[in-house]
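A.B. asks: Once you've had a glance at the structure underneath, I'll fire off some questions.
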Amino acid sequence: MSIQETLENIRRKLPEHVRLVVVSKTQAAEDIRAAYDYGQRLFGENKAQELIGKQPFLPEDIQWHFIGHLQTNKVKFIAPFVSLIESADSMKLLGEMNRQAQKYNRVIDCLLQFHIAREETKFGLSFQEATEILRSAEYIACKNISIIGVMGMASFTKDKSNVRQEFRDLKQIYTDLKEAYFTRNEFFREISMGMSGDYEIAIEEGSTIVRIGTAIFGERRKSMINDQ
Ligand SMILES: *Cc1c(COP(=O)(O)O)cnc(C)c1O
């Protein structure tokens, strides 16, 4: 199947309120172009180095979501153009995002990434850690970042009920944070969850953003860039 066909198949399954981030990490510029030419404007990358390497060579109206673990010293490279940082997972990172956003006279939208998987390896905050951040004077003073929701990755497992429970947990985290800290904030409304293998479950559990790579492009090539 062509990229257009796989993209079309996925789009057809998405309800109107769910946005598709096409995850283009490790993909060649011509394949990204193919998706772009088919109307796709929202793309996701998980490595700063790779993103800044390809961004200048691709159309300017692409909205880039950063979806991987972000080191504070890399924020400055993506701050001028990134559309949404989905993987904010510490006050240190939020503080640096705020500083860089200020420098470029803009507000950077971000999601708080939560650790919802039962696996050890995934990055992300606990509810307690997020609460500490949201109550801190340091966060409250940040005027150039806007937290517009939450993000999480489920366990990599065939156990669908486990995956579903993890998505449910993220939805609950979203609801609790909304009530406690964002009641009057209309922007706080995104729940980014669901990838190639589990996006249908994620949508059933309330996802508003799905991040899909291999189901569109096929298996990824091994990344040539290692900046983490
Ligand atoms: C790679 C990646 C995806 C997409 O994964 P696929 O299984 O290829 O759809 C989604 N989210 C994050 C954070 C990723 O790193």
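A.B. asks: Which of the peptides 6-17, 181-192 is most tightly packed, and how do the rest follow, judged by the mean count of other Cβ atoms within 10 Å per residue?
C.D. replies: For the peptides 6-17, 181-192, the packing ranking is 181-192, 6-17.
A.B. asks: Considering only protein heavy atoms and a 1.4 Å probe, what is the carbon-and-sulfur percentage of the accessible area of the range 104-208?
C.D. replies: The value for the range 104-208 is 50 percent carbon and sulfur by accessible area.
A.B. asks: Quickly estimate the mean residue ellipticity at 222 nm for the chain, helices only: each DSSP H run with n ≥ 4 gives -39500 (n - 2.57), and the total goes over all residues, rounded to 500. Numbers along the way, then the final one.
C.D. replies: On the way: 10 runs with 89 residues, N = 228.
When only DSSP H runs of four or more count, the value is -11000 deg cm²/dmol.
A.B. asks: Out of the total accessible area of the range 60-101 (probe 1.4 Å, heavy atoms of protein only), what percent is carbon and sulfur?
C.D. replies: 47 percent
A.B. asks: Here's something else I'd like to know. Relative contact order for the chain: what percent, with Cα pairs under 8 Å and sequence separation of 6 or more?
C.D. replies: Working: 397 pairs, mean separation 49.0, N = 228.
The normalised contact order for the chain reaches 22 percent.
A.B. asks: In Å², what does the accessible area per residue of the chain work out to with a 1.4 Å probe?
C.D. replies: Computed with neighbouring chains in place, this is 50 Å² per residue.
A.B. asks: Would you tally the net charge around Gln100, using a Cβ to Cβ cut-off of less than 12 Å, leaving Gln100 out, and scoring K and R as +1, D and E as -1?
C.D. replies: Summing Lys and Arg as +1 and Asp and Glu as -1 gives +4.
A.B. asks: Still on this structure, please answer the following. Please arrange Ile173, Ile108 by accessible surface area, largest first, computed with a 1.4 Å probe and ligands excluded.
C.D. replies: Values: Ile173 25, Ile108 0 Å².
Output order, biggest surface exposure first: Ile173, Ile108.
A.B. asks: Which order do Ser196, Ser161 take by accessible area at a 1.4 Å probe, largest first?
C.D. replies: If we order Ser196, Ser161 from most to least accessible, we get Ser161, Ser196.
A.B. asks: Related question: Roughly how many Å is it from the Cα centre of the range 6-50 to that of the range 152-176, as a whole number?
C.D. replies: Comparing the Cα centres of the range 6-50 and the range 152-176, I get a distance of 23 Å.
A.B. asks: What list of ³J(HN,Hα) values in whole Hz, one per residue of the range 75-92 in order, does the Karplus curve 6.51 cos²θ - 1.76 cosθ + 1.60 (θ = phi - 60°) give from phi, with Gly and Pro shown as x?
C.D. replies: So the J values, rounded to whole Hz, are 4, 4, 6, 9, 4, x, 10, 4, 8, 8, 9, 8, 10, 6, 9, 7, 5, 4.
A.B. asks: Roughly speaking, what is the stretch gain from Phe156 to Ala137, that is 0.36 nm per residue apart minus the C-alpha to C-alpha distance, in nm to one decimal? Intermediate values should be presented prior to the final figure.
C.D. replies: On the way: separation 19, 0.36 × 19 = 6.84 nm, distance 3.64 nm.
Gain on extension, Phe156 to Ala137, equals 3.2 nm.
A.B. asks: Kindly write out, for the range 57-62 in residue order, the coupling ³J(HN,Hα) from the Karplus curve 6.51 cos²θ - 1.76 cosθ + 1.60 (θ = phi - 60°), rounded to whole Hz, with x marking Gly and Pro.
C.D. replies: In residue order, the calculated couplings are 9, 10, x, 5, 8, 6 Hz.
A.B. asks: What are the trypsin sites (Lys or Arg not before Pro) within the range 78-157 that DSSP puts in a loop, where the Cβ has at most 11 other Cβ atoms within 10 Å? Can you show the working numbers first?
C.D. replies: On the way: sites: Lys92, Arg99, Lys103, Arg106, Arg118, Lys122, Arg135, Lys143; in loops: Arg106, Arg118, Lys122, Lys143.
Filter output for the range 78-157: Lys143.
The values are calculated or read from the model by the stated rules, or taken from the named source; none is laboratory data. Source: prediction; values computed, not measured. Heads up, the Cβs are rebuilt from the backbone with ideal geometry, glycines too, and the neighbour counts pull from every protein chain shown. These accessible areas exclude ligands, DNA and RNA; they are computed on the full protein's heavy atoms, side chains included. Shrake-Rupley method; radii C 1.70, N 1.55, O 1.52, S 1.80 Å.
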